[in-house]
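Here is the structure we will look at.
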Amino acid sequence: MTGPLLCEKALEFNWRLGADPDFKASQSWLEKLKRRHGIHGRENCGEKLSSDQLSADAFRVVLHTFMEEGGYDEEFVYNAEEAGLNWKSLPTRSLVAHHEAHTSRHKARKERVTVMICANSMGSHRLPLFVIGKPANPRSFRNVKKLPVVYSHQKKAWMNVHAFNEWFERTFIPEVKRYQSSIGKTGKVLLIIDNAPAHPSAECFEHD
């Protein structure tokens, strides 16, 4: 990792986190950061780190600095990640006997849901899974009084800004307040998400 790359990533993550708009990532900032975290120069040898690893290392340093300067407790730093789950999926390839030239064709089923996982950095607070399916009232939910997950629906079972905002207001904020009350501890909360189109900007998340 080089100094210019670290400054570049610092500016990028500062923008993503919606932090100080006047932040410059100057040479003096870089020198102070290096002294604070014991970062020093070293000759490169062996295989080079991948760009993903460099980005991860840079983000780790910038996030640590952001938390220190903002007075965030690591217990109240959360990360939310989403993924598509194909819960009914047929294989695209099949094994056939030597005398069979091909298998009968079938239309691939697209039974898919989106699942979002959210927890704090210590793993001591894991929020209920947020699941997005296609139907508003799935048949399998009949006679079910309480779900072990938070469910929402969208015609393609995708995350969008509306679904995310709904989860943030109705699940994330109440769950975090409940957790803080249970441990008798309060403090500012930081939620880390990627910059996907379905996620609102950082300014939308500023709450008391």
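The values are calculated or read from the model by the stated rules, or taken from the named source; none is laboratory data. Small disclaimer: the values here were computed from a predicted structure and weren't measured. Note that we place each Cβ from the backbone using ideal geometry, even for glycine, and neighbour counts take in every protein chain shown.
Is it fair to say residue 57 is within 30 Å of residue 184 (Cβ to Cβ), at pLDDT 70 or above and not hydrophobic (A, V, I, L, M, F, W, C)?
It is false that residue 57 is within 30 Å of residue 184 (Cβ to Cβ), at pLDDT 70 or above and not hydrophobic (A, V, I, L, M, F, W, C).
Does residue 198 satisfy being assigned by the TED database to the domain that holds residue 80 and out of contact with any helix residue (DSSP H, G or I) (no Cβ under 8 Å at 6 or more places or on another chain)?
In short, no.
Give 31, 12, 82 a once-over and let me know the one that is at pLDDT 85 or above, acidic (Asp, Glu) and either in a helix (DSSP H, G or I) or surrounded by 11 or more Cβ atoms within 10 Å (Cβ to Cβ) (or both).
The conditions single out 82.
When region 124-137 is examined, which residues are found to be surrounded by 13 or more Cβ atoms within 10 Å (Cβ to Cβ) and over 18 Å from the mean Cα position of the chain (by Cα)?
Within region 124-137, 133, 134 meet the criteria.
Please give the number of the condition residue 98 fails out of (1) at pLDDT below 95; (2) surrounded by 10 or more Cβ atoms within 10 Å (Cβ to Cβ); (3) in a loop (DSSP other than H, G, I, E, B).
(2)
List every residue pair whose Cβ atoms lie under 7 Å apart, where the two residues are 6 or more positions apart in sequence or sit on different chains, the first residue falls within region 6-25 and is without any contact (Cβ under 8 Å) to a residue 60 or more places away in the chain, and the second residue, located anywhere, is among the hydroxyl-bearing types (Ser, Thr, Tyr).
Every condition considered, the pairs that remain are 9/55.
Going by the conditions given, is residue 148 touching a Pro at 6+ places or on another chain (Cβ under 8 Å) and farther than 30 Å from residue 56 by Cβ?
yes
Quick check, is residue 176 of a type in the set (Val, Ile, Thr), at pLDDT 95 or above and within 30 Å of residue 55 (Cβ to Cβ)?
Here the answer is yes, as residue 176 does meet what is asked.
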